[in-house]
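Q: For reference, the structure I am asking about is given below.
Only the coordinates and a few stated rules stand behind these numbers; no lab work does. Just so it is clear, the structure is predicted and the values come from calculations on it, not from any experiment. Backbone-built Cβ (ideal geometry, glycine too); neighbour counts: all protein chains shown.
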Amino acid sequence: MERTLAILKPDCVQRNLIGKVIDRIESAGFKIVRMKMVHLTRAMAEGFYEVHNGKPFFAELVNFMTETPCVVAVLEKNNCVEAWRKTMGATNPQNAEPGTIRRDLAENMGRNIVHGSDSTENAEREIDFFFSRSELL
Ligand code: IDP
Ligand code: MG
C-alpha cells in the first residue's frame, strides 16, 4: 500500500486544529500508520525544505516551521501521495478547492496548515527524514 508523509504544521498546532485535521484524514480513508510531535530545529527545517533554499520565501518558511512543535505522520491508502495532496488542497488556500483542508482552515500561502509529499520518491525520503527504520517496523 502506498504511503506519504503528512505534517500538521505549527499553525495547525497553535490554533488547536490537530483534532479537526486528524478527523479529516481518517474520514477521507487514510490509515495513520505512524504519528508523533516534533519541534524542528533550524537545521532540520532547512534540510527538509532544501529544494526551496534560495527562494524568496525560504527564510519565512524556516522561521514558521520552527515556531512551535508540529505533528508528523505517515499515511497509507491506495494512490496515497496524490490523494493526500487532493485532500490538502492547493498551496495557496485562496486557490484551493472548497472542502479541502487548506481552503477551509488555512490563513495564507505561508501558514497553510499541512504538508504532503509531492511524489512517491519524495514520500520515501521524507518518511525516512522523520522516522527511523525501527520506528517503521
Ligand atoms: P506545497 O506545500 O503545496 O508542496 P511548496 O511549493 O512545496 O508547496 O512550498 C512549500 C511551503 O512553502 C508551502 O506549503 C508554504 O508553506 C511555503 N510557501 C510556498 N510558496 C510561498 C510563498 O510564495 N510565500 C510564502 N510561503 C510560501
Ligand atoms: Mg512541496
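Q: Put one equal scatterer on each alpha carbon of the chain, apply the Debye formula with no solvent term, and list log10 I(q)/I(0) at q = 0.14 1/Å to two decimals.
A: -0.59
Q: For segment 79-137, count the residues as N, evaluate 2.2 N^0.38 Å, and divide the Cα radius of gyration by that value, please.
A: After normalising by residue count via 2.2 N^0.38 Å, the value is 1.27.
Q: So, with +1 on the Cβ of K and R and -1 on the Cβ of D and E, and no other charges, what is the size of the charge dipole of the chain about its Cα centre, to the nearest 20 debye?
A: 260 debye
Q: Which one of VAL72, GLY89, PRO56 has its Cα pushed farthest toward the positive end of the charge dipole of segment 38-102, where Lys and Arg give +1 and Asp and Glu give -1 at the Cβ?
A: The residue sitting farthest along the positive end of the dipole is GLY89.
Q: Separation between the GLU76 and GLU121 pseudo-spin-labels, each 7 Å from Cα along Cα→Cβ, expressed in nm?
A: 2.5 nm
Q: Something else about it: Would you work out which of LEU137, ALA43, PRO98 lies farthest towards the positive end of the dipole of the chain, given +1 charges on the beta-carbon of Lys and Arg and -1 on that of Asp and Glu, about the Cα centre?
A: PRO98
Q: If neighbour count is taken as other Cβ atoms inside 10 Å, put HIS115, HIS52 in order from fewest to most.
A: Fewest to most other Cβ atoms nearby, the residues stand as HIS52, HIS115.
Q: Let me ask another. Given Cα pairs under 8 Å that are at least 6 residues apart, what percent is the relative contact order of segment 1-130?
A: 39 percent
Q: One-quarter of the Cα convex hull surface for segment 3-70, in nm²?
A: That works out to 5.1 nm², a quarter of the Cα hull's surface.
Q: Further question on the same structure: Which order do the peptides 73-86, 4-17, 97-110 take when ranked by the mean count of other beta-carbon atoms within 10 Å per residue, highest first?
A: Top of the packing list down: 4-17, 73-86, 97-110.
Q: Same structure, new question: Between ALA59 and LYS36, what length in nm is gained on full extension when 0.36 nm per residue of separation is reduced by their alpha carbon distance?
A: The ALA59-LYS36 span can extend by a further 5.8 nm.
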